[in-house]
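Just so it is clear, none of the values below were taken in a lab; they were calculated from the coordinates. Just so it is clear, the model here is predicted, and its values are computed rather than measured. A quick note on method: Cβ atoms are made from the backbone with ideal geometry, for glycine too, and the neighbour counts reach across all protein chains shown.
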Amino acid sequence: MLSNIPLNLLPMETIDIANLFSEKVKVIDNLIHLADKSNAQNQEQTNKAFSEKWQVVSSSSTKEDRKKAISRQRKWHLSLYGFKSAEELSFFLTSKEIIIDAGCGLGEKSSWLAEMSPNSLVIGIDFSESVYQAAEKFKEQKNLYFVRGDIANTKLKKNVADYILCDQVIMHTEKPDKTFAHLTSILKKGGEFSCYVYRKKAVPRELLDSFFREKTKKYSNQELWEFSEQMTALGKQFSELKTQIDVPDIPLLEIKGGKYDMQRFLYWNFIKCFWNEELGWETSTYTNFDWYSPSNAKRYTKKEFETMIMDNHLQIKYFHEEEACFSGRFIK
Ligand SMILES: C[S@@+](CC[C@H](N)C(=O)[O-])C[C@H]1O[C@@H](n2cnc3c(N)ncnc32)[C@H](O)[C@@H]1O
């Protein structure tokens with residue numbers, strides 16, 4: 001049996017990827033096609049929004065901007081999931097035979113993981129068209145496969161994965177609680193699950209975000225890009241103010257008092273209008289589009305996230321919180 005062979009003697013070539021699925025799947029080169037449509041209206045809209053976003057990001061970004069964005073994401077990734085360095089993450093991955101990148105987008109992180117751990121088999125899954133670009137771009141990496149399908153129903157066998165990464169994705173799925181339970185079910189006992197959720201913000205910001213999500217369902221991509229650019233322009237204006245304000249505690253609105261930079265205060269408590277000088281106009285606009293375009297975008301309180309982890313009988317190995325999110329690494 002495969003599982004009796006020590007890991008260091010188990011190059012990923014010995015794994016038959018089709019065997020990991022509970023149904024017959026067709027593997028064409030490095031790609032498996034499970035599903036490209038959702039019956040749920042919001043999920044379908046969300047898939048289309050991300051297909052559009054990834055298409056524009058991959059075709060319009062300059063190489064320099066992409067490099068900057070990827071490098072920023074990698075650095076952030078380490079702190080989200082409790083790794084002191086890329087070397088530590090690489091060492092962690094080496095003991096993982098099957099790695100799933102659930103909601104892989106353009107596959108940049110899947111590729112990074114596969115590169116860091118050449119004896120692991122990495123499978124990136126996404127419901128948007130981005131998987132085709134990912135499969136093409138990373139076809140030379142022999143330990144890396146891509147699947148188009150729903151991470152809430154991966155058709156993978158139970159207890160098959162050693163490590164699952166679900167980075168900035170689960171809240172975009174139709175029923176995040178069900179997706180979380182499904183991903184836990186395909187994880188081996190003792191396996192680890194890294195997951196990130198959006199954090200609930202102050203009341204005015206939540207109200208505005210919910211209001212907007214109702215609109216996105218009816219907006220065309222062009223209208224969404226125009227709106228995203230307007231948000232970038234607004235964020236840029238706010239950040240140029242360079243004004244400090246002293247805010248009282250306003251418990252009714254869940255606004256925490258203190259000294260704030262004006263832009264940060266408005267951003268976190270009233271309206272998301274991302275602007276980052278270093279990343280520039282395009283990447284800032286992609287970030288605004290990423291926030292506003294998918295109609296599925298659930299936000300969590302800390303308690304709600306912890307409950308989801310506990311309900312699935314996972315043990316918390318590492319927990320991280322920021323103004324925008326909660327994330328961590330959990331053991332089955
Ligand atoms: C914000 S992006 C994150 C991509 C990548 N994990 C990263 O960190 O760069 C969210 C991704 O989740 C994907 N997604 C949303 N719902 C999904 C679902 N039900 N199944 C698979 N992928 C999904 C989207 O298509 C999109 O590529």
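Is the C-alpha gyration tensor of the chain telling us rounded, prolate or oblate? Criteria: a/c under 1.5 is rounded; beyond that, a/b larger than b/c is prolate, otherwise oblate. Kindly include the intermediate steps, with their values, before the conclusion.
Numbers: a/c = 1.78, a/b = 1.57, b/c = 1.13.
Taking the square roots of the gyration eigenvalues as a ≥ b ≥ c, the chain is prolate.
Please list, by residue number, every one of the GluC sites (Glu not before Pro) in region 256-332 that is coil in DSSP and has at most 13 other beta-carbon atoms within 10 Å. Before the final figure, lay out each step's value.
Numbers: sites: GLU277, GLU278, GLU282, GLU304, GLU306, GLU321, GLU322, GLU323; in loops: GLU277, GLU278, GLU322, GLU323.
Here the sparse-neighbourhood loop sites are GLU277, GLU278, GLU322, GLU323.
For the pair GLU115 and ALA181, what calculated FRET efficiency results from E = 1/(1 + (r/R0)^6), where r is the Cβ-Cβ distance and R0 = 30 Å, to the nearest 0.05?
Details: r = 31 Å, r/R0 = 1.02.
E(calc), rounded to 0.05, equals 0.45.
Can you list the lysines whose alpha carbon is less than 18 Å from that of LYS259, not counting same-chain residues fewer than 8 positions off?
Those lysines meeting the cut-off are LYS201, LYS242.
Fully extended, how many nm does the chain gain between TRP76 and LYS217 (0.36 nm per residue separation, minus their Cα-Cα distance)? Display every interim value, and only then the final one.
Working: separation 141, 0.36 × 141 = 50.76 nm, distance 3.03 nm.
My answer for the length gained is 47.7 nm.
Go through region 70-83 residue by residue and turn each phi into a ³J(HN,Hα) via Karplus (6.51, -1.76, 1.60, θ = phi - 60°); whole Hz please, and just put x for glycine and proline.
These are the phi-based 3J(HN,Hα) values: 5, 5, 5, 4, 5, 5, 5, 3, 4, 6, 5, 10, x, 10 Hz.
Expressed as a rounded percentage, what relative contact order does region 220-292 have, with Cα pairs under 8 Å and six or more residues apart? Intermediate values should be presented prior to the final figure.
On the way: 87 pairs, mean separation 27.6, N = 73.
Relative contact order of region 220-292: 38 percent.
Which of the aspartates and glutamates could a cross-linker span from LYS178 if the Cα-Cα distance has to be under 16 Å and same-chain partners fewer than 8 positions apart are dropped?
Once the sequence-local aspartates and glutamates are set aside, what remains near LYS178 is ASP150, GLU304, GLU306, ASP311.
Determine the alpha carbon to alpha carbon distance for each of LYS63/LYS109; LYS137/LYS158; LYS303/LYS332 and list only those over 28 Å.
Working: LYS63/LYS109 17 Å; LYS137/LYS158 30 Å; LYS303/LYS332 19 Å.
Going by Cα-Cα distance, LYS137/LYS158 fall outside the 28 Å limit.
Please compute the contact order of the chain in relative form: average sequence separation of alpha-carbon pairs under 8 Å and at least six residues apart, divided by the residue count, as a percent.
Details: 593 pairs, mean separation 67.3, N = 332.
For the chain, the relative contact order is 20 percent.
How would region 76-205 be classified by its alpha-carbon gyration tensor: rounded, prolate or oblate, with rounded meaning a/c under 1.5 and the a/b versus b/c comparison settling the rest?
Details: a/c = 1.37, a/b = 1.25, b/c = 1.09.
Taking the square roots of the gyration eigenvalues as a ≥ b ≥ c, region 76-205 is rounded.
Mind giving me the FRET efficiency for ILE28 and THR243? R0 is 45 Å, r the Cβ-Cβ distance, nearest 0.05 is fine.
Numbers: r = 56 Å, r/R0 = 1.25.
Once rounded, the FRET efficiency stands at 0.20.
Can you compute the radius of gyration and Dmax for region 220-292, using only the Cα atoms, both in Å?
Both quantities, over Cα of region 220-292: 13.6, 40 Å.
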